[in-house]
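Below: the structure, in structure tokens.
The values are calculated or read from the model by the stated rules, or taken from the named source; none is laboratory data. Not measured: the values here are computed from a predicted model. All accessible areas refer to the heavy atoms of the entire protein, side chains included, with ligands and DNA or RNA removed. Shrake-Rupley method; radii C 1.70, N 1.55, O 1.52, S 1.80 Å.
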Amino acid sequence: MNKNYQKIKQDFEKLGSWQLKYRELMLLGKNLPSLSDALKTNDAKVAGCESNVWLYTGFAEDETTVLCTADSDTRIVKGLLYIILTMVNGLTPDEIAKLDIADEFESLGLAKQLSESRGNGIRAIASAITQFAKAH
């Protein structure tokens, strides 16, 4: 795990209630850069998400670590995306393939608070990133 994700994890462990975690998600979502409209294509859309989610997976300039970018049309999902991208960006494909994103959401206390359709969306996003990692 990278340092930035460890910090998010520590911060969430200190937050007791779902309301505080929800507020933190909203704040984190503000840190997620928006994709230009030109990048919000059907090819980049993640199937299975309740909200519109556009995801791009690739490699960082070092060509060994993964760099994902994403955006959504809802604030809560932007916060969830921010956490996922912080979790995976900078890792190698092998490290991502071994990572269980759903377990990480459990440990943050987020999975049980999300609606079933939001949970399905998170699994779809995680699956797309994991498939990219396993293919490389």
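Some notes on this structure:
- Extension gain, H136-Y22: 0.36 nm per intervening residue step, less the Cα-Cα distance, totals 37.6 nm.
- For K21, a cut-off of 30 angstrom between C-alpha atoms picks up these lysines, skipping any fewer than 8 places away in its own chain: K3, K7, K9, K30, K40, K45, K78, K98, K112.
- Solvent-accessible surface of the chain, averaged per residue with a 1.4 angstrom probe and all protein chains in place: 55 square angstrom.
- By the equivalent-ellipsoid construction on the alpha carbon gyration tensor, region 28-136 comes out with semi-axes of 20, 18, 12 Å, ordered largest to smallest.
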